[in-house]
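Here the structure is laid out as structure tokens; the discussion comes afterwards.
Bear in mind these aren't lab numbers, they're just calculated from the coordinates by the rules spelled out. Here the structure is a predicted model, which is why all the values come from computation and not from measurement. Ideal geometry is used to build each Cβ from the backbone, glycine not excepted, and the neighbour counts take in all protein chains shown.
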Amino acid sequence: MANDRQIGGATYTNDDERFAAIERAMQENDYAEHGLVEVLITAQKAFGYLTEDILTFVAEKLRVPPSRVWSVVTFYDMFKLGGTSTTECHICNGPTCSAARAGEILAAVCHHAGISQPGQTSADGRFTVKESACLGLCDQAPAALVNDKALVKLTPDDAVAILEGKGQPPVVQISGEPRILTGPIGRIAPLDLDAHRAEGAFTALQKALFEVTPEQIIAEVKESRLTGRGGAGFLTGLKWQLGYDTPDMQKYVVCNFDESEPGTFKDRALMEGNPFRVIEGLIISAYAIGAIKGFIFARGE
Ligand code: FES
């Protein structure tokens, strides 16, 4: 089906190896249905696309109806259905990008791909062009996503380069003072754990686990009047208190990194530039409310 492809540092030279990789992803999720999206991502990385054969294999192995698998694949825009390793261009049509000529870019990309309108695949199967909702890159609009690669500050003249996945990658842009959570961004490599620890990362977690009680943590967060960064501005301490007060339930913490409100993106910079602090906060909140697991939710884009 596909040529050699790399996934997680491994190269797959034939379909048996690719199906084995999919099966390993299922094993890692105990063949549970909740691992379906992860399994499908593995399948797409291994093959470059998803076909009826692949989806049937997944459905049979997970013992779920094929309709369930198809509903997931057709719901998420970033899954590629088809038998060729096509280049997928998602051109943002959010308001910020639209104001920055994204419509013209979309038209130019469609023209050079040889298709008449977004949503189509070129006759030779090389390109699929789609419109996308906000990509969370409004500060560097107009933006596009070509396969897994984000490109920013595009113009209609970039249409050919966009189809080749070439162009300016996004950079994390920070401004304003004082910089607290954003302090290390641009100074310290995001994944340099030692450097982040030298600046105090995980000391709050240490204090939370060994020096104070969950009740004291919640009281301090309440007193700070820290709020969520979404539109509701809900008080974090109150949210944690409600979680703590919920009795006799298995609790989870979900860190919502979904960035889908045009112009109001705010979490991407933290996750990309200071990820250990995000994880530290997640663990502290889990400890405070008595959760046993934490999840970070982010869109593929
Ligand atoms: S509107 Fe295009 S990235 Fe947000």
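Which angle between 0 and 90 degrees, to the nearest 10, do you get for helix 214-224 versus the longest principal axis of the chain when only C-alpha atoms count? Approximately 80 degrees, to the nearest 10. Report the percentage of all Cα-Cα pairs in the stretch 142-215 whose separation exceeds 14 Å, rounded to a whole percent. Of the Cα pairs, 72 percent sit more than 14 Å apart. The relative contact order of the stretch 5-75 comes to 29 percent, based on Cα pairs under 8 Å that sit 6 or more residues apart. Peptides 293-299, 149-155 ranked from most to least packed by the mean count of surrounding Cβ atoms within 10 Å: 149-155, 293-299. Under the simplified labelling scheme, the VAL172-SER98 pair shows an inter-label distance of 3.1 nm, with each label point 7 Å from Cα along Cα→Cβ.
For the chain, the normalised intensity computed at q = 0.11, 0.14, 0.15 Å⁻¹ comes to -0.86, -1.22, -1.29 (log10 of I(q)/I(0), Debye sum over alpha carbons, equal scatterers, no solvent). Dividing the summed -39500 (n - 2.57) terms of all DSSP H runs of n ≥ 4 by the residue count of the chain sets its mean residue ellipticity at 222 nm at -12000 deg cm²/dmol. The shape of the stretch 193-297 comes out oblate: with a ≥ b ≥ c from the C-alpha gyration tensor, a/c is at least 1.5 while a/b does not beat b/c. Sorting 46-55, 173-182 by average packing, meaning the other beta carbons within 10 Å per residue, from highest down gives 46-55, 173-182.
Compared with the dominant principal axis of the Cα atoms in the chain, helix 15-28 is inclined by about 20°. Taking +1 at the Cβ of each Lys and Arg and -1 at the Cβ of each Asp and Glu, which of THR203, ALA43, GLN168 sits farthest along the dipole of the chain towards its positive end, judged by Cα position relative to the Cα centre? Positive-most Cα among the choices belongs to THR203.
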